[in-house]
Amino acid sequence: MILILSSEDDLHVQRVVSHLPLGTYQVLNLRTMGVVSFLEFDPVNGSSTISFLNNSQAFSLSDITSIWYRRPRYKRGSEGGEEWKRVFAENEERCVFDGMWRYLGDTVRWLNNPFANRMAENKLWQLYIAKEIGFELPQTLVTNNPDSLRRFANENGDIVYKPVAKSHIERPNDAPLIFLTKPIKKFELDKLVSRVSVTPCLFQKYIEKQFEIRVTILGDQVFAVAQYSQENMETRHDWRRDPTKVRHEKVELPTEIQQRCIALVRKMGLTFGAIDIIFTPDERFIFLEINPNGQWLWIEDLVAHPISHAIATMLQGA
């Protein structure tokens with residue numbers, strides 16, 4: 001059985017399961033686990049099983065052959081209780097599931113293993129591995145020292161700030177906060193440096209673009225697309241400001257770049273990864289980052305890369 005950890009209304013999930021035979025998969029929404037599901041776990045005895053009851057279907061760990069760790073959400077509703085009780089229950093639930101995923105280990109196919117996912121979200125680790133593999137990287141500084149930041153900006157011109165972890169922050173009762181890339185001019189530094197000492201921050205030299213490349217890796221398969229973000233003023237610094245205004249087309253990467261992308265995903269313990277690369281005006285490939293659980297559905301819709309079919313095939317063990 002294929003276990004998909006996400007919500008039933010996830011459009012990516014809906015596209016993939018359209019390629020799976022009925023009865024071969026189960027979508028489990030961990031956010032509503034405490035309401036609609038029942039769990040039993042015996043971690044001591046050799047014949048331990050984990051049973052779920054979800055939508056009137058029961059199954060155990062021994063039934064699972066593949067897990068797509070898509071976008072599970074552990075957060076519960078307040079249930080009218082005290083906040084500390086909600087936080088305690090949420091943490092306990094997360095730890096229970098973490099223990100179960102560790103219990104499964106390599107006995108199932110992962111897309112991706114959640115512990116590899118968490119490590120791969122760290123941009124410092126990404127840069128270290130990418131450099132080791134041979135990618136060219138932007139000049140980078142992590143600091144909470146205002147003087148170091150000024151020196152870095154003087155040496156590199158326009159710079160950008162990036163969160164070390166995720167580029168979006170979930171906010172209770174509000175839309176997520178998304179950090180979009182924007183060049184920081186030298187005259188803007190005075191306003192910024194006073195905030196740097198609060199926490200270490202990651203800065204990089206701003207890289208001029210001919211176009212951007214999104215590379216979706218699934219095992220040894222490479223799905224690359226060119227994003228002509230420079231054709232529109234609104235998207236020239238960050239295509240995410242309005243993807244509908246960005247022209248996309250399939251692109252064939254040089255073999256060396258393809259091999260580096262595959263090696264990066266594998267070296268980070270992943271099966272899937274969405275890699276962002278800049279193709280510069282002087283025709284260099286500059287690695288920016290990898291999202292171990294990145295979106296891809298819009299790419300499939302725009303350029304017909306068969307990513308959903310490839311994921312379904314992988315989950316089935318083919």
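The values are calculated or read from the model by the stated rules, or taken from the named source; none is laboratory data. All values derive from a computational prediction rather than experimental measurement. Ideal geometry is used to build each Cβ from the backbone, glycine not excepted, and the neighbour counts take in all protein chains shown.
Beta carbons closer than 9 Å, at least 6 apart along the sequence or on distinct chains, never pair a first residue in the stretch 272-287 that is not assigned by TED's automatic domain parsing to the domain that holds residue 230 and aliphatic (A, V, I, L, M) with a second that is part of a loop (DSSP other than H, G, I, E, B) and buried (at least 20 other Cβ atoms within 10 Å of the Cβ). In this entry, residue 274 is excluded by the filter for residues that are part of a strand (DSSP E or B) and over 26 Å from residue 118 (Cα atoms). Of the numbered criteria (1) within 22 Å of the chain's Cα centre (by Cα); (2) more than 18 Å from residue 271 (Cβ to Cβ), the one residue 118 fails is (2).
Considering the conditions (1) in contact with an Asp or Glu (Cβ under 9 Å, 6 or more places away or on another chain); (2) among the polar types (S, T, N, Q); (3) under 21 Å from residue 308 (Cβ atoms), residue 232 is excluded by exactly one of them, (3).
Taken over the stretch 239-257, the criterion of being crowded, with 17+ Cβ neighbours inside 10 Å and in contact (Cβ under 8 Å) with a residue 24 or more places away in the chain is satisfied by 239, 241, 248, 253, 257. Scanning the stretch 78-131 for residues that are part of a helix (DSSP H, G or I), acidic (Asp, Glu), out of contact with any Leu (no Cβ under 8 Å at 6 or more places or on another chain) and farther than 22 Å from residue 292 by Cα turns up 83, 90, 92. Out of 216, 181, 244, one residue alone is among the polar types (S, T, N, Q), in a loop (DSSP other than H, G, I, E, B) and within 22 Å of the chain's Cα centre (by Cα). It is 181.
Of all the criteria given as (1) surrounded by 15 or more Cβ atoms within 10 Å (Cβ to Cβ); (2) under 26 Å from residue 133 (Cα atoms); (3) modelled with pLDDT of 95 or more, the one not satisfied by residue 297 is (2).
Of all residues in the stretch 197-216, those satisfying the criterion of being under 26 Å from residue 236 (Cβ atoms) and among the hydrophobic types (A, V, I, L, M, F, W, C) are 201, 202, 203, 207, 211, 213, 215.
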